[in-house]
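The values are calculated or read from the model by the stated rules, or taken from the named source; none is laboratory data. Quantities reported herein were computed from a predicted structural model and do not represent experimental measurements. All Cβ positions, even for glycine, are placed from backbone atoms using ideal geometry, and neighbour counts span all protein chains on display.
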Amino acid sequence: MIILGIETSCDETGAALVENGTTILSNVVASSRDLHIKTGGIIPEMAAREQIKCMIPVIEEALKTGCGWVVGYEKPIPITHSRLKTQNSSPPIDAIAVTVGPGLIGSLLVGVETAKTLAYAWNKPIIPVNHLLAHVYANWLSSRRSDSPTSPFSPNAVIPQFPLVALIVSGGHTELILMRNHGSYEWLGGTRDDAAGEAFDKIARLLELGYPGGPAVAASAAKFKVTSSKFKVKLPRPMIDSHDYDFSFSGLKTAVLREVSHLSNLPNLANLLAYETQEAITDVLVKKAVRAAQQENVNQILLAGGVSANQRLREKILKKCETEKITSFCSAINLFLPEPKLATDNAAAIASCAFFNQNFLPWPKISADPSLSL
Ligand code: KG4
Ligand code: ZN
């Protein structure tokens, strides 16, 4: 089964073709990141306007590169002149999957209304997809055609097995879920205030490191030499020992602000604080995810969402999973990590999620829901 995925929940515009939920045939992402670097953050109106411009060209590119259904895309073309409108036959896809939420309303509407229009024109069913759940499915994807169940991106080289604890860490969400199967999961906990990605973004802005904050903090942290530094700063690890599955990252930003005003003359202050911010956030994420697996007696942990691209987080959790044990299993914990470029928003994960959670609906039943929860 080939599914066309469409993703427009935030500032990315994505379209992808995925076969049987695992094989990427094409995966096209256009981002308004350059515009938002100038504004230092996302302006929802601007993001949606850019998405209107590139939605159709992005879909055309995905169809063209994906399955030989050439639509003659060369450069972004205005919607009114799109060949998608004049094509007589429908492309060889079985369904259209689209993110219906959570996300920015203007952005979601671009993808949802495009998907509905194409579903009507091509007479294809739609599968509505929850963006947060879709992040999890980046772990099922690989870009090669193969009958083998191995994934080149997971350290233990097998596709995820159930039951598993999934830590979804994105710009707007930090959620821990226990998945027993596709379509069967239990929410364990989440952030009470700022998400992990949001903390990275806000602290990056405070330290004037740029946008998006996560990669900017990681790059700045990499310049800090722990061993040769005379100065040490210890930021709090919020809720690291609390006996629940919740998180809280808003206090970190205040703690960083305090250090900035105390140590304003220190050379390399931004790098030092970026390093400590990354250590604080990743310490909490790793400890809570591993503890959730131990308490739920589950031998698999999966990371998902933009923050899961963070190299330090990946190193730390891999180390912990190799050394920690789950009482009833006598082996190390299996860890699943998405390929870094599939960790951030993309439409291949949307199509994969739709394949494993097939909820076909006719187009009039589809609508955007900006505050959709898991
Ligand atoms: O999942 P995502 O692409 O979009 C949302 O659904 O929000 O996540 C975006 C978030 C941003 O906060 C960004 O700063 C963070 O993921 N991020 C990272 C890294 N790459 C993206 N955070 C830490 N390290 C990274 N390498
Ligand atoms: Zn996302």
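Mind checking which residues of segment 261-315 are modelled with pLDDT of 95 or more and hydroxyl-bearing (Ser, Thr, Tyr)?
Listed by number, the residues that qualify are Tyr275, Thr277, Thr282, Ser308.
Ala134: of a type in the set (A, V, I, L, M, F, W, C), surrounded by 23 or more Cβ atoms within 10 Å (Cβ to Cβ), at pLDDT 95 or above and touching a Pro at 6+ places or on another chain (Cβ under 8 Å), yes or no? Before the answer, list the steps.
Values: of a type in the set (A, V, I, L, M, F, W, C): yes; surrounded by 23 or more Cβ atoms within 10 Å (Cβ to Cβ): yes; at pLDDT 95 or above: yes; touching a Pro at 6+ places or on another chain (Cβ under 8 Å): no.
No, not satisfied.
Restricting attention to segment 161-171, which residues are at pLDDT 95 or above and surrounded by fewer than 20 Cβ atoms within 10 Å (Cβ to Cβ)?
Phe162, Pro163
Tell me yes or no: at least one residue of segment 318-336 is within 16 Å of ligand 1 (Cβ to nearest atom) and farther than 16 Å from Thr22 by Cα. So that I can check it myself, show each step before the final result.
Of the residues in segment 318-336, the ones within 16 Å of ligand 1 (Cβ to nearest atom) are 318.
Remaining after also requiring farther than 16 Å from Thr22 by Cα: 318.
The answer is yes; a qualifying residue exists.
If we keep just the residues of segment 219-240 that are more than 14 Å from Glu276 (Cα to Cα) and touching a residue at least 24 places away in the same chain (Cβ under 8 Å), which is surrounded by the most Cβ atoms within 10 Å (Cβ to Cβ)?
Going through the qualifying residues, I end up with Met239.
Given the condition under 24 Å from Pro163 (Cα atoms) and part of a helix (DSSP H, G or I), answer yes or no: does some residue in segment 355-363 qualify? Write out each step before concluding.
Of the residues in segment 355-363, the ones under 24 Å from Pro163 (Cα atoms) are 355-359.
Imposing the further condition that a residue be part of a helix (DSSP H, G or I) reduces the set to 355-356.
Scanning segment 355-363 turns up at least one residue that is under 24 Å from Pro163 (Cα atoms) and part of a helix (DSSP H, G or I).
Condition first: touching a residue at least 24 places away in the same chain (Cβ under 8 Å) and part of a helix (DSSP H, G or I). Now tell me which residues in segment 292-314 satisfy that.
Step one: filter segment 292-314 for residues touching a residue at least 24 places away in the same chain (Cβ under 8 Å), giving 292-294, 296-313.
Selection gives Ala292, Ala293, Gln294, Gly306, Val307, Ser308, Ala309, Gln311, Arg312, Leu313.
Okay, residues lined up against (1) more than 16 Å from ligand 1 (Cβ to nearest atom); (2) among the acidic types (Asp, Glu); (3) surrounded by fewer than 22 Cβ atoms within 10 Å (Cβ to Cβ):
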position: Leu4; (1), (2), (3): yes, no, no
position: Asn20; (1), (2), (3): yes, no, yes
position: Ser26; (1), (2), (3): yes, no, yes
position: Pro44; (1), (2), (3): no, no, yes
position: Ala48; (1), (2), (3): no, no, yes
position: Met55; (1), (2), (3): yes, no, no
position: Ile59; (1), (2), (3): yes, no, no
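Look at segment 28-42 and say how many of its residues are buried (at least 22 other Cβ atoms within 10 Å of the Cβ) and either within 16 Å of ligand 2 (Cβ to nearest atom) or modelled with pLDDT under 90 (or both).
Of all residues in segment 28-42, those buried (at least 22 other Cβ atoms within 10 Å of the Cβ) come to 28, 32.
Restricting the remaining residues to those that are either within 16 Å of ligand 2 (Cβ to nearest atom) or modelled with pLDDT under 90 (or both) gives 32.
Adding up the residues that qualify gives 1.
Being part of a strand (DSSP E or B) and of a type in the set (S, T, N, Q), is that true of even one residue in segment 327-345?
yes
In segment 75-107, what residues are under 25 Å from Ile2 (Cβ atoms) and modelled with pLDDT under 55?
Pro76, Ile77, Ile79, Ser82, Arg83, Lys85, Thr86, Gln87, listed by residue number.
Checking the condition of a type in the set (A, V, I, L, M), touching a strand residue (DSSP E or B) at 6+ places or on another chain (Cβ under 8 Å) and free of Cβ contacts under 8 Å to residues at least 12 places away in the same chain, which residue from Ala343, Ala354, Ala332, Ala348 passes?
Numbers: Ala343 fails: free of Cβ contacts under 8 Å to residues at least 12 places away in the same chain; Ala354 fails: free of Cβ contacts under 8 Å to residues at least 12 places away in the same chain; Ala348 fails: free of Cβ contacts under 8 Å to residues at least 12 places away in the same chain.
Of Ala343, Ala354, Ala332, Ala348, the one residue that is of a type in the set (A, V, I, L, M), touching a strand residue (DSSP E or B) at 6+ places or on another chain (Cβ under 8 Å) and free of Cβ contacts under 8 Å to residues at least 12 places away in the same chain is Ala332.
Give the residue, chosen from Gly213, Gly183, Gly190, that is under 23 Å from the mean Cα position of the chain (by Cα), within 14 Å of ligand 1 (Cβ to nearest atom) and more than 18 Å from Ala292 (Cα to Cα).
Working: Gly183 fails: within 14 Å of ligand 1 (Cβ to nearest atom); Gly190 fails: more than 18 Å from Ala292 (Cα to Cα).
Sole residue among the options that is under 23 Å from the mean Cα position of the chain (by Cα), within 14 Å of ligand 1 (Cβ to nearest atom) and more than 18 Å from Ala292 (Cα to Cα): Gly213.
Can you name the condition, by its number, that Leu266 falls short on among (1) in contact (Cβ under 8 Å) with a residue 24 or more places away in the chain; (2) in a helix (DSSP H, G or I); (3) closer than 21 Å to Ala219 by Cβ?
Tallying (1) in contact (Cβ under 8 Å) with a residue 24 or more places away in the chain; (2) in a helix (DSSP H, G or I); (3) closer than 21 Å to Ala219 by Cβ, Leu266 fails exactly one: (2).
Quick one: which of Asn346, Asn299 is polar (S, T, N, Q) and more than 22 Å from Lys124 (Cα to Cα)? Break it down stepwise before answering.
Working: Asn346 fails: more than 22 Å from Lys124 (Cα to Cα).
Only one candidate qualifies: Asn299.
Taking the conditions exactly as written (within 16 Å of ligand 2 (Cβ to nearest atom) and either at pLDDT 95 or above or in a loop (DSSP other than H, G, I, E, B) (or both)), does Ile127 satisfy them or not?
Numbers: within 16 Å of ligand 2 (Cβ to nearest atom): no; either at pLDDT 95 or above or in a loop (DSSP other than H, G, I, E, B) (or both): yes.
Judged against the criteria, Ile127 is not a match.
Of everything in segment 159-191, what is within 16 Å of ligand 2 (Cβ to nearest atom) and in a loop (DSSP other than H, G, I, E, B)? Give them in sequence order.
Residues satisfying the conditions are Ser170, Gly171, Gly172, His173.
Given the condition within 19 Å of the chain's Cα centre (by Cα) and more than 16 Å from ligand 1 (Cβ to nearest atom), answer yes or no: does some residue in segment 241-251 qualify?
To start, the set of residues in segment 241-251 that are within 19 Å of the chain's Cα centre (by Cα) comprises 247, 249.
Among the residues that remain, those that are also more than 16 Å from ligand 1 (Cβ to nearest atom) are: none.
No, segment 241-251 has no match at all.
Using the structure shown, decide if Asp194 is assigned to a loop (DSSP other than H, G, I, E, B), acidic (Asp, Glu) and either within 23 Å of Thr323 (Cβ to Cβ) or within 16 Å of ligand 2 (Cβ to nearest atom) (or both).
Values: assigned to a loop (DSSP other than H, G, I, E, B): yes; acidic (Asp, Glu): yes; either within 23 Å of Thr323 (Cβ to Cβ) or within 16 Å of ligand 2 (Cβ to nearest atom) (or both): yes.
Considered against the rule, which asks whether it is assigned to a loop (DSSP other than H, G, I, E, B), acidic (Asp, Glu) and either within 23 Å of Thr323 (Cβ to Cβ) or within 16 Å of ligand 2 (Cβ to nearest atom) (or both), Asp194 comes out as yes.
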